[in-house]
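Q: Here's a structure for you.
Since every read-out is calculated from the coordinates, none of them should be taken as a lab result. From a predicted model like this one, the values you see are computed outputs, not experimental measurements. FYI the Cβ positions are ideal-geometry reconstructions off the backbone, even for glycines, and counts take in every protein chain you see.
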Amino acid sequence: MSIFSIFRPDRIPSLSRLPKELGREERPCERCVRRTEHILYRVPKKVVLLYVKEHPESLHATCIVCARSTVLTGEERERVLASLRDP
Ligand SMILES: [Zn+2]
């Protein structure tokens, strides 16, 4: 028995848990009260021991002016994902 067997794979930091930038889009920012550039990114969520990319709150948009972040849901989420799939 090696002492290393006590380390479990899920304790090792994985790149899969990091948000991934998907693109940028100009959209209205509630805090800036005007249209600003937002970074669109996908936030993985840990489910049991896995990080899943597809879940209802996976898509975030962050204003590059004030750093306000919003979760895109419903039709808006579908629209952004569709536009990212078909540039
Ligand atoms: Zn803003």
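Q: Name the residue that is nearest to Glu76 (Cα to Cα), counting only residues in the range 26-59 that are of a type in the set (Val, Ile, Thr) and touching a Cys at 6+ places or on another chain (Cβ under 9 Å).
A: The qualifying residue nearest to Glu76 (Cα to Cα) is Ile39.
Q: It is to be established whether one or more residues within the range 44-64 are part of a strand (DSSP E or B), basic (Lys, Arg) and under 15 Å from the mean Cα position of the chain (by Cα).
A: yes
Q: To continue, here is another question. Got a number for residues in the range 34-63 being within 16 Å of the ligand (Cβ to nearest atom), loosely packed, with under 13 Cβ neighbours inside 10 Å and among the aliphatic types (A, V, I, L, M)?
A: 0
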